[in-house]
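Below: one structure, written as structure tokens.
The values are calculated or read from the model by the stated rules, or taken from the named source; none is laboratory data. Keep in mind that what you see is a predicted model, and the values were worked out from it rather than measured. With ideal geometry, Cβ positions are generated from the backbone for all residues, glycine too; neighbour counts draw on all protein chains shown.
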């Protein structure tokens, strides 16, 4: 128990630092990119004076460190700011000089309304990834050098060679548009999650399959496995109780790292499938210079990454107590 | 038994596992709803651009919102703007117009029309709309200037333009583009901005995320539409919109890429529409500074460009034109002095400008956007290559839309960005001044033309002459003369006229596509 508390305190402190660094980096970088959000909001024909006045009212002309301090103070009070572009009514205020600031949507509400869709997509993608990867990866590891191993290698090679944007378009074209089997453009129910999830799963599976194969094969060569049969243990006990348990630790760590890839994959896939999650929100925010939304999503992403990795470390320590030391 | 045997299944266990797997695959079936789930009385439109979230029609110049207003808002009249008759007028809230004198135009209004909120339409609404929308502070500066409206009776108004010092004839076509708001809404800005309220065939029902839901208006002046609902959905990516159309998620899509238009031509599920638009695409020269403050250099550049090659790149999305406005505009004619591809003439003008073979010219930046208009990068590269071939030291820059938009317009007190910029100009009326005066009049922007910054007394004189002529027949010739005056100085080169490419579900009948984007769906229905 003492280990867990110490571990949690240390990792949470590290995680907080990571989130702060990421949030500041994003905060500074989006402000250095070309394109003034005040101009984007008001439209190209708005006068420079109006743009400047609006930018000052929005605090965009203050030093970055001042803006960041103000932003952090807001976050501490649970306020992630309001979107520059999105309005509560669902529209965007680009090119609109009358926009009432109070009518703009809060970043919290935008994230809150889109996150459940992304979690559903990510959850299903992960499930498909594991359903595909675990049997193929284990079989490949147990039968190293045989057809199961070769199949795992070839399948991984095919999957890793499919660009996600291309695969997404082809899937939507064939499965949805041509065959009419599963709908996928937009969202009107759970079925709309299936094809986007398959695209993400295909992107993530190769790494899991190969890592699992290698990890299982390596573990099988360990002395404690070779002598297990001599100790009278049955094959099932050896496989499930020893081989897979020891092979699971590297896979868990890999899962922690893959959360980043999952979040990245969601951006492209949601945009192509017009899936109303965090990814689509982020792509629209980037093209519209919607700084508060970009920052909010960046903080959320880094926080998810940190929390998942802490949970992964805890789980790994649970599986292999040697890691506690 | 070995470890291998656990994961090397026997034939029996393999068959058993396969059967269980197949059964598992059917588990999500109850959750899977087939596409084409929409009721056949609902038309879903896939918009390539988001709405603004502010429903005041005078607060924006956003094309998608103008398209949506086409369903909701009524106008005094509509102008279908067909190339064979750009001046056709279809009366809507008005039943006629009459130019009374230089500064007065009279409108007779239709009786028995109501707004979506139940308010009866009348002269007070036209007065409130014109006076509010023409006030100097309104961002969507569609009106030529301030005006005052006199209510003659409940169904007659006179628009006076003396206050703004422009001829009342300016409204002759322009009024067919201006949405009429309720006087009650205009008196309450929060209500005006909070929801759209018009006299059009569909009324606003609700906003669902990126989708605006409109319902058929029972009290529509020409009878309730056949469609029960129109869903206006923002889908940013062009490929996704096509996939949505093919899969039945949407019924109409706009802004098809030329390749998509070609590939969809063989699809039985999709019907295509090609509409010559009100938009011309321009290569604007920055006339407010050297080197393009020199008209000879501008003309030299124009003669270096083979517009046929650009049209080849545009495919179905481009239409040849030889004027600064679209063929669907009042006063369009192929200008006799419009610059054509002529390398010898280009070299002659370069020499006259003091830059033989381009020697001595500074590096010139030509910038364009990517992702907003079709093919800008592709034909921009063609233009840059053609100019370089004649000796222009061109630096070609492609920008993401927001960065390009921030650099596009002339601003007071600072030099314009770059030397040449690519941009389109789309307006919703046959009125030529919406293009000619915005682009080429010395008082249009802080430094002259809104984008090129041109200030030329001869162009101004020609534009003032055509604007002052109240007789449409006489004005026709004056508009052509004004366009010729512009061509002689070439502050910009109109490259081609854009074509609106729509795709819609086969079986959806009765849609009318306007050349500026809106769609009339008041008579549309799905064939059984």
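Of everything in region B:456-472, what is within 25 Å of residue B:162 (Cα to Cα) and at pLDDT 90 or above? Give them in sequence order. Spell out the reasoning first.
As a first pass, look at region B:456-472 and keep what is within 25 Å of residue B:162 (Cα to Cα): B:457-472.
Scanning region B:456-472 gives B:457, B:458, B:459, B:460, B:461, B:462, B:463, B:464, B:465, B:466.
Residue check, residue B:515 against (1) more than 19 Å from residue B:227 (Cβ to Cβ); (2) in contact with a helix residue (DSSP H, G or I) (Cβ under 7 Å, 6 or more places away or on another chain), all met but one. Which one?
Just one mismatch for residue B:515, condition (2).
In this structure, does residue A:300 turn out to be buried (at least 24 other Cβ atoms within 10 Å of the Cβ), at pLDDT 85 or above and part of a helix (DSSP H, G or I)? Even if it seems obvious, please write down each step before you answer.
Details: buried (at least 24 other Cβ atoms within 10 Å of the Cβ): no; at pLDDT 85 or above: yes; part of a helix (DSSP H, G or I): yes.
In short, no.
With the structure loaded, tell me whether residue A:24 is assigned to a helix (DSSP H, G or I), on the phi < 0 side of the Ramachandran plot, modelled with pLDDT under 75 and more than 12 Å from chain B (Cβ to nearest Cβ) or whether it fails that test.
The answer is no for residue A:24.
So which strands (runs of 3 or more DSSP E) are wholly in region B:178-286 and hold at least 2 residues that are at the interface with chain A (Cβ under 10 Å from one of its Cβ atoms), surrounded by 17 or more Cβ atoms within 10 Å (Cβ to Cβ) and within 20 Å of the chain's Cα centre (by Cα)?
It comes to B:229-234.
Could you check region B:302-314 and list, in sequence order, the residues that are over 27 Å from the mean Cα position of the chain (by Cα) and assigned to a helix (DSSP H, G or I)?
Scanning region B:302-314 gives a single hit, B:303.
Here is a yes/no grid of residues against (1) out of contact with any helix residue (DSSP H, G or I) (no Cβ under 6 Å at 6 or more places or on another chain); (2) within 14 Å of chain B (Cβ to nearest Cβ):
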| site | (1), (2) |
| --- | --- |
| A:113 | yes, yes |
| A:123 | yes, yes |
| A:128 | no, yes |
| A:131 | yes, yes |
| A:136 | no, yes |
| A:139 | no, yes |
| A:142 | no, yes |
| A:147 | yes, yes |
| A:158 | yes, no |
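Looking only at residues in region A:27-57 that are farther than 26 Å from residue B:445 by Cα and surrounded by 19 or more Cβ atoms within 10 Å (Cβ to Cβ), which one is modelled with the lowest pLDDT?
For region A:27-57, the residue satisfying everything is A:30.
Among the residues of region A:160-170, write down those that are part of a helix (DSSP H, G or I) and either surrounded by fewer than 22 Cβ atoms within 10 Å (Cβ to Cβ) or more than 14 Å from every other protein chain (Cβ to nearest Cβ) (or both). Reasoning before the result, please.
Pass one, region A:160-170, residues part of a helix (DSSP H, G or I): A:160, A:164-170.
Selection gives A:160, A:164, A:165, A:166, A:167, A:169, A:170.
Filter region B:96-138 down to residues that are surrounded by fewer than 16 Cβ atoms within 10 Å (Cβ to Cβ) and within 25 Å of residue B:162 (Cβ to Cβ) and give me whichever is modelled with the lowest pLDDT.
If we take residues in region B:96-138 being surrounded by fewer than 16 Cβ atoms within 10 Å (Cβ to Cβ) and within 25 Å of residue B:162 (Cβ to Cβ), then B:137 is modelled with the lowest pLDDT.
Got a number for residues in region A:137-152 being in contact (Cβ under 8 Å) with a residue 60 or more places away in the chain and either within 28 Å of residue A:283 (Cβ to Cβ) or surrounded by fewer than 21 Cβ atoms within 10 Å (Cβ to Cβ) (or both)?
2
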